[in-house]
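The values are calculated or read from the model by the stated rules, or taken from the named source; none is laboratory data. Predicted model, so just to flag it, every value in this text is computed and none were measured. Accessible surface is based on the protein model in full, side chains and every heavy atom, while ligands, DNA and RNA are left aside. Shrake-Rupley method; radii C 1.70, N 1.55, O 1.52, S 1.80 Å.
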Amino acid sequence: PCMLPMLLTSMPALLLAARSPLQGNPSPAASLDYLAMTPVRARTFHPNRSSMAGARGAAGRRMMSKGGAAEVGTTIESCHAKTVLYGRLRAATFALPVPWSTGSSICHRLPGFKSMNTYPMRSPLVVADFLISRSLCGRVVEVGSRFGDIMSCVKPFASQVISIEVKPSYCTALRERGIDVLCEALSEANAKRLLPDAEIYFFWLDPNEISNMRFVKLIHNELVSRNQSAQVIFLVDESVDQGEVGKQMTALERAGFSFGGKAHRLFFDETVDETQAITGRPLADGGNHASYKRPWAGRSGRWGVMTALVVDVGSQEGRERMMQQ
């Protein structure tokens, strides 16, 4: 009897999950979509509004992808389809796990999705769920993508995803996955030419607050010059960088940036099975044997809590204009 109210409350999501044609067995590499019951407000984007819009630096920011380039601009109809797909996948991944377990990322339910890296060689896949929830039908730029697992998962729900990557072999792999790539290091000297317009800029870099603040300021200053606004989202892995979140918050406050005073904690567990959890075998990419008996890169497994800080950047006028859309 005590379970009846909970089941009745969850019934619409459970029924939708049962009807979803995308439903399958959840991957054992599970990560928590902790936003599973958070309502999402879809934005309206104009069909003629490109992420490369405007004559300013358009040639310099033209996409370099040679195949499978992402469609630029999203019609209301296609945005609706993305929103419906997102709702179905979130309903399909929603379950009632025991309190000490995590749920499953929607990335595992995307047709054709394949993870080419493992944590900590890339961000945990739950980060893609978090980005999707904040950028549905919008434009997302990632600085440093490796093989593009995160952007490959975000792509079906965005109007465009763009990677700024330095290593040529990663650039090639990203293009093969249909992700637009700017194969060049982003710096203050080339930001006006290289940095695309977007709603979300994302990166997971060195935990030192100086490195993160450098990119936050770089993106902020460039958007101010364009009279635009956006959000920067960057990660801190407290499993190895203990105490860094507080330092990052203090640095943001001192620089006058608004992050809402909130640290978004993303719980995840991408463990394959108990053998891998204990011994680290089979080894993953880069010789990753993170496990209880064989810690790797400071991690005792492919699980943890990633902290995401969301920072408002750009001009106040641009921010007000974006809120009105």
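A few points about this structure:
- Residue-normalised accessible area of region 158-243, given per residue in Å² at a 1.4 Å probe: 35
- 20 Å Cα-Cα threshold exceeded, pairs from Lys82/Lys262; Lys82/Lys167; Lys114/Lys293; Lys82/Lys155: Lys82/Lys262; Lys82/Lys167; Lys114/Lys293
- For region 256-312, the mean projected area of the C-alpha convex hull, equal to one quarter of the hull surface, is 5.1 nm².
- Global size of region 79-229 as Cα Rg and Dmax, reported in angstrom: 16.1, 51
- Sulfur and carbon atoms: percent of accessible area, region 125-207 [1.4 Å]: 56
- Summarising the amide proton neighbourhood of Gly138: residues at separation of 5 or more, or on other chains, whose placed amide H is nearer than 5 Å comprise Ser159.
- A 1.4 Å probe run over the protein chains yields, for region 95-139, 36 Å² of accessible area per residue, whole-number rounding.
- Across region 140-154, rounded Karplus estimates of 3J(HN,Hα) from the backbone phi angles (6.51 cos²θ - 1.76 cosθ + 1.60, θ = phi - 60°) give 10, 10, 10, 9, x, 10, 6, 8, x, 4, 5, 5, 5, 6, 6 Hz, Gly and Pro being marked x.
- Taking amide H as placed 1.01 Å from N in the peptide plane, Leu182 has its amide H under 5 Å from the amide H of Ser163, Ile164, Glu165, each at least 5 places away in sequence or on another chain.
- Under 5 Å, built H, 5+ apart or other chain: amide partners of Trp303: Glu270
- Converting the Cα gyration tensor eigenvalues of region 94-153 into ellipsoid dimensions via √(5λ) gives semi-axes, longest first, of 21, 15, 11 Å.
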